[in-house]
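J.: Following this message is one structure expressed as structure tokens.
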Amino acid sequence: MVLVSAVRDYVYRMLQDISGMKVLILDSQTVSIVSVVYSQSELLQKEVFLVELIDSISKSKESMSHLKAVYFLRPTSENIQYMRRQLSNPRFGEYHLFFSNMLKDTQIHLLADSDEQEVVQQVQEFYADFISVDPYHFTLNMPSNHYYILPAVVDPSNLQHFCDRAVDGIGAVFLALKRRPIIRYSRASDIAKRIAHETAKLMYQQESGLFDFRRMEMSPLLLIVDRRDDPVTPLLNQWTYQAMVHELIGIQDNKVDLRSIGKFPKDQQEVVLSSEQDAFFKANMYENFGDIGMNIKRMVDDFQQVAKSNQNIQTIEDMAKFVDNYPEYRKMHGNVSKHVTLVTEMSKIVEERKLMLVSETEQDLACNGGQVAAFEAVTNLLNNESVSDIDRLRLVMLYALRYEKESPVQLMQLFNKLASRSAKYKPGLVQFLLKQAGADKRTGDLYGNRDFLNIARNMARGLKGVENVYTQHQPLLFQTMESIIKGRLRDVDYPYVGNHFQQGRPQEVVIFIIGGTTYEESRSVAQLNASNSGIRFIIGGTAVLNSKRFLKDLEEAQGIARSNANVV
């Protein structure tokens, strides 16, 4: 049920059976789908000598009849139009067409009509319509991710596109896993309900034959939830390796672009962070920042030993051995410098923005009660010249989410102070967040203070102590998964779609977060999967968030809401 191997298998099957020199032609989304699971050297081994984007290949007229073209595209009307133009004047010897999701009959007819010279050898559907960033974590990389925040009446056609893409992605995940799930959704969210019902319609009505896999004793569960149920997690600073890199620098399709933070040699401007391709990263992606520093030091020491032995070349045999081991040595050198660079740059940012100070207060706001102390701590940080504007904004948001009902007067004081201290502060953004994701809008017990069991659990955690003050927060998703493991996910909060109910515990669960996932949540999923609870979890969403992206989505939604003030 591991997603990376499902997508790798699709790519392997696309390329394996077509002998000879190939060109692989992708679109702006399938290029991400392929790049996270296959490296360029692996593509070369499959005789792929050229990788092109479909819109740029359309501009070229040069004939390449010695190459076989393998297309892997999303089945959009735009891509079908590109294909029709290219088939009417073919440049390649053969055309092998693979689509990442279901084709409509009309699209197949259009392609057939355009293939007058009969160059198309095959047309297939390979259901890899999602980006598999980690074995149990996928994303749809939706650019217009802010639509989930808006009511349906504001922009119905764009919201329909948003929902269609989500349903396509979820459908492809289950086709790749060869499963048909029971579906539940977050009761308070209109968009979760809508996507859940449209997904059920696809799987049980429109394409029921396609999803009719061998019946399992216990159907998997698809749970569709809304980011607004837990707006706290994407606002927090992170202190474990993968999540921290995304928060402070940014990860896109398992690549980190370092050009935004300084000048680096050409081969280090963009580095790959993939648990599939980097053993050190795989072992350390969920470790906290302090331990990472120690582990990198150990890796540097090991490398220095290897470098020393390479300097000691005295015989022909030594030289031959060095040449044999040189690719491995180069790879090790690149890996060491990559991780040292990342940790060095992050340490600078932590120091510059005084993030240890800021984060301690954030964690208190997320995990512990105590409104008076929280107000004082936030006020002090707003007055601190070293604290950046974005950190001030996040602190006030975290305070507002926690104490919106308890201290409206102090909240107004913080709003005023924020507006006077931060030149970049967008007026009304905190209020907009409360309107969209405040206590009245959320499903679930975000702060563990509504439900007696959660209150008891939080007290027990407080008594035991927390090993690290910076990583004490647990996302709401963790509680949700624990409730599923114990069979306590309440029907009233997470209703079923249709008359498909579930007796007993599912063994496979896919949780889809409309509005986006975080790496902190994917860490929770990996930890629970490693704990042998008897249930395997997969998490996916419309985007992978850090605080910058979450705030950008909020701002974009607020801008649209303002221009439709009579509706929102």
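J.: In nm, what is the difference between 0.36 nm times the number of residues separating residue 368 and residue 178 and their Cα-Cα distance?
T.: Contour length minus Cα-Cα distance gives 64.1 nm.
J.: How much net charge surrounds residue 34 when only the other residues with a Cβ under 11 Å from the Cβ of residue 34 are counted, with Lys and Arg +1 and Asp and Glu -1?
T.: Taking every other residue near residue 34 into account, the sum is -2.
J.: Just subtract the alpha-carbon distance of residue 564 and residue 117 from 0.36 nm times their residue separation and send over the number in nm, one decimal.
T.: Stretched fully, the residue 564-residue 117 segment lengthens by 155.8 nm.
J.: Which Cα, out of 393, 294, 143, lies furthest along the positive dipole direction of the chain (beta carbon charges, K/R +1, D/E -1)?
T.: 393
J.: Next question. Can you say what percent of the DSSP beta bridges in the chain, counting only those with both residues inside, are antiparallel? Round to 5.
T.: 20
J.: Determine the gain in length on full extension of the stretch residue 28-residue 556; use 0.36 nm per residue of separation and subtract their C-alpha separation, reporting nm with one decimal.
T.: Result: 187.8 nm gained on full extension.
J.: Let me ask something else about it. With the crude spin-label approximation of a point 7 Å out along Cα→Cβ, what separation in nm comes out for residue 77 versus residue 89?
T.: Result: 2.4 nm between the two label points.
J.: In the chain, what percent of the accessible surface is made up of carbon and sulfur (1.4 Å probe, ligands and nucleic acids excluded)?
T.: 50
J.: If R0 is 30 Å, what FRET efficiency do you get for residue 206 and residue 503 from their C-beta distance, rounded to 0.05?
T.: It comes to 0.65.
J.: Which of the three applies to region 177-237, rounded, prolate or oblate, going by the alpha-carbon gyration tensor with a ≥ b ≥ c and a/c under 1.5 meaning rounded?
T.: Judged from the Cα gyration tensor, region 177-237 comes out prolate (a/c at least 1.5, a/b above b/c).
J.: Separate question: What whole-number value in Å² describes the accessible area per residue of the chain for a 1.4 Å probe?
T.: Counting only protein heavy atoms, the per-residue value for the chain is 46 Å².
J.: Additional query: Can you tell me the dipole magnitude for the chain around its Cα centre, using point charges on the Cβ only (Lys, Arg +1; Asp, Glu -1), in Debye to the nearest 20?
T.: Value, rounded to 20: 1000 debye.
J.: Quote the accessible area belonging to residue 332 in square angstrom, nearest 10, computed with a 1.4 Å probe and with ligands, DNA and RNA left uncounted.
T.: 60
J.: Extending each Cα 7 Å along its Cβ direction at residue 21 and residue 213, get the distance between those two points in nm, one decimal.
T.: So the two model labels end up 4.0 nm from each other.
J.: If each of residue 307 and residue 488 carries a label point 7 Å out from its Cα toward its Cβ, how far apart are those two points in nm?
T.: Each label point lies 7 Å from its Cα, and together they span 5.3 nm.
J.: If R₀ is 25 angstrom, what is the calculated FRET efficiency for the pair residue 2 and residue 299, using the beta carbon separation as r and rounding to 0.05?
T.: 0.40
J.: Summing -39500 (n - 2.57) over the DSSP H runs of n ≥ 4 in the chain and dividing by its residue number, what mean residue ellipticity at 222 nm do you reach, to the nearest 500 deg cm²/dmol?
T.: Taking each H run of at least 4 residues, the total per residue is -15500 deg cm²/dmol.
J.: Leaving out ligands, DNA and RNA but keeping every protein chain, what accessible area does residue 422 have, in Å² rounded to the nearest 10, with a 1.4 Å probe?
T.: Rounded to the nearest 10, the figure is 10 Å².
J.: If you don't mind, there's one more thing I want to ask. Starting from a Cα-only point model with no solvent, please compute log10 I(q)/I(0) by Debye for the chain at q = 0.08 1/Å.
T.: -0.61
J.: Straight-line reach from residue 22: which aspartates and glutamates fall under 12 Å, measuring Cα to Cα and dropping same-chain residues less than 8 apart?
T.: Hits, sequence-local ones excluded: 47, 52, 94.
J.: So which helices of the chain fit the span-like rule, where a helix is a whole DSSP H run, its Cα atoms reach 27 Å or more along the axis, and its mean Kyte-Doolittle is at least -0.5?
T.: 156-177
J.: May I ask you to work out the translational diffusion coefficient for region 23-130 at 4 °C, viscosity 1.567 mPa s, via Stokes-Einstein with Rh from the Kirkwood sum over Cα pairs, reported in whole µm²/s?
T.: 92
J.: A further question follows. Of the listed pairs 424/548; 308/348; 193/441; 282/338, which have alpha-carbon separations greater than 21 Å here?
T.: 308/348
The values are calculated or read from the model by the stated rules, or taken from the named source; none is laboratory data. No experiment lies behind these values; they were computed from the predicted model shown. Positions of Cβ are generated from backbone atoms using ideal geometry, with glycine treated the same way; all protein chains shown enter the neighbour counts. We work out accessible area using only protein heavy atoms, side chains counted, and drop any ligands, DNA or RNA first. Shrake-Rupley method; radii C 1.70, N 1.55, O 1.52, S 1.80 Å.
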